[in-house]
Amino acid sequence: MKIATGVEMLEIPATIQGSQTFIYPTLIWDSNTTILIDAGFPGQLAAFKQAIMEGGASFERIDKIIITHHDRDHIGSLRSILNELPQKALVLTHEGERPYIEGRIPPFKATMADAPDSPYPPEMKALFQQQKLDYLDFTVGVDKILEDGEELPFCGGITVIHTPGHTPGHICLYIGKSKTLIAGDALFVVEGDKLGLPPKLASLDWPLAVRSLGKLVRYDVETVVCYHGGAWRGNFSRSIAELAGLQ
Ligand SMILES: [Zn+2]
């Protein structure tokens, strides 16, 4: 789905906890660079190539991949996408995500699933324990660390917003030119058309995830791209203030 010129929300079919759904990575490009934001579940290389082609962009021109956080559904096809590209593409993320993406420590959800006081119900526990077995299959080196508030000089300017809580180094990205917020998993589309929070149990520090939303209030947002739920348009400042508990 076209969000703006050079901003395409990719619709990738996925099965999440037994149900058929979609995930929504984003591709941003201009004549100088092509940037993929988030890299899907394992095994989705072909689906990415097809979605990018259908969006009128070029998979081969991807030269940067920004990762919002290290969850399996965001980095699963990262290594296979990098291997398929004709040139070396840079991987960019926040410092808080780096050790997980590089495989130096296991995903924290897998570690928490194994803990005696694990907060997860059995089905979720099994899912996260599985991650511990194969997370090294898709880890890669990180090339550049992104800082909170950093303005990336690509495609007219992309602002990095550190929104910890769901994971330690979770980031959102704001594309000023088209007033688009790439929310990663900081925001979900829920009940068909509402902005909502990520699932409490799937977040490392849920109160922090809620507090982090307060950082988004100052942005003039016309479209939010939620990795889970897709594009949302509406009264952003009011919705985000409500969710962050600011009104
Ligand atoms: Zn996710």
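The values are calculated or read from the model by the stated rules, or taken from the named source; none is laboratory data. Computed from a predicted model, the values in this text were never measured in an experiment. Heads up, the Cβs are rebuilt from the backbone with ideal geometry, glycines too, and the neighbour counts pull from every protein chain shown. Keep in mind that these areas ignore ligands, DNA and RNA; they rest on the heavy atoms of the full protein, side chains included. Shrake-Rupley method; radii C 1.70, N 1.55, O 1.52, S 1.80 Å.
What the chain shows is 43 Å² of accessible area per residue, with the surface traced by a 1.4 Å probe over protein heavy atoms. For the range 97-247, the C-alpha radius of gyration sits at 1.11 times the compact-globule guess of 2.2 N^0.38 Å, with N the residue count. The share of accessible area on the chain that comes from carbon and sulfur is 52 percent, using a 1.4 angstrom probe. With q set to 0.12 Å⁻¹, the log10 of I(q)/I(0) for the range 143-213, from the Debye formula over equal scatterers at the Cα positions, is -0.34. Considering only Pro107, Pro199, Pro121, give the residue with the highest GNM mean-square fluctuation for the chain, with springs between Cα atoms whenever their separation is below 10 Å. Result: Pro121 has the largest fluctuation of those listed. When +1 charges are put on Lys and Arg Cβ atoms and -1 charges on Asp and Glu Cβ atoms, the dipole computed for the chain relative to its Cα centre reaches about 200 debye. Evaluating kT/(6 pi eta Rh) at 37 °C and 0.692 mPa s, with the Kirkwood radius of the range 1-130 over Cα pairs in the Stokes-Einstein relation, gives 209 µm² s⁻¹. What the Cα convex hull of the range 57-135 gives, in volume per residue, is 108 Å³. Over the chain, DSSP H runs of length four or greater, each weighted -39,500 (n - 2.57), average out per residue to a 222 nm ellipticity of -6500 deg cm²/dmol.
In loop segments of the range 34-93 as defined by DSSP, the trypsin sites (Lys or Arg not before Pro) with at most 10 further C-beta atoms inside 10 Å of their C-beta are Lys88.
Here the Karplus curve 6.51 cos²θ - 1.76 cosθ + 1.60, taken at θ = phi - 60°, turns the phi angles of the range 225-240 into couplings of 9, 9, 4, 10, x, x, 7, 10, 10, x, 7, 5, 4, 5, 4, 6 Hz, with x standing for Gly and Pro. Across all directions, the average projected area of the convex hull around the alpha carbons of the range 125-177 is 5.2 nm².
Exceeding 29 Å between C-alpha atoms, which entries from my cross-link table qualify? They are Lys132/Lys177; Lys2/Lys200; Lys64/Lys194; Lys49/Lys177; Lys125/Lys215; Lys64/Lys132. In this structure, Lys132/Lys177; Lys2/Lys200; Lys64/Lys194; Lys125/Lys215 exceed 29 Å between Cα atoms.
When only alpha carbons are used to place a centre, the range 1-59 and the range 64-136 end up 18 Å from one another.
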